[in-house]
Structures are given as C-alpha cells and as structure tokens.
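Colleague: One structure is given below, represented as structure tokens, and several questions about it will come after.
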Amino acid sequence: MNKVLPLGALLISLGLIIFLYLRINKLEEALKQSEQRFSDCETVNFQLQNQLVAATRGPVPDSLRVRD
C-alpha cells in the first residue's frame with residue numbers, strides 16, 4: 001500500500017501529460033488552419049477591393065499616368 005499510492009499518482013500524472021500534449025497538438029493544427037484561412041480571406045478581400053476601385057474609378061487621366 002505504501003508504494004501503490006505514489007505509483008498511482010505517477011500514472012495519473014503521466015496520463016494527464018499525454019492528454020494535454022495531444023490537446024496542444026490539435027490546437028496547434030487548428031491554429032495553423034485558421035491562420036491559412038485568414039490569409040486566404042485577406043487575399044480575396046484585397047483582390048475584391050482592387051476590382052471595386054478599378055470599376056468605380058474608371059480610366060486613369062493622362063495627368064496621372066506614369067510616363068516611361
């Protein structure tokens with residue numbers, strides 16, 4: 001009985017460590033996916049803003065064109 005209690009505590013601790021490790025791995029993967037989705041949304045938003053500006057602005061006046 002004297003050695004069973006510390007051994008049980010160690011096994012419970014080891015189980016908890018493994019459980020938390022697996023949870024952290026899942027959270028890291030979810031974070032990577034959400035960062036990728038956010039990046040994709042930013043890209044699409046930027047493209048849509050450029051299309052909107054081009055559609056509402058019309059042709060560029062000669063005074064604002066870049067000359068080579």
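The values are calculated or read from the model by the stated rules, or taken from the named source; none is laboratory data. Values in this document were obtained by computation on a predicted structure and should not be read as measured data. So basically every Cβ, Gly included, is an ideal-geometry build from the backbone, and we count neighbours across all protein chains shown.
Colleague: How about the stretch 1-16: which of its residues are surrounded by fewer than 10 Cβ atoms within 10 Å (Cβ to Cβ) and part of a helix (DSSP H, G or I)?
Modeller: The answer is Val4, Leu5, Pro6, Leu7.
Colleague: To continue, here is another question. Those residues that are modelled with pLDDT of 70 or more and surrounded by 10 or more Cβ atoms within 10 Å (Cβ to Cβ), I need them from the stretch 52-68; list them, please.
Modeller: Within the stretch 52-68, Leu52, Ala54 qualify.
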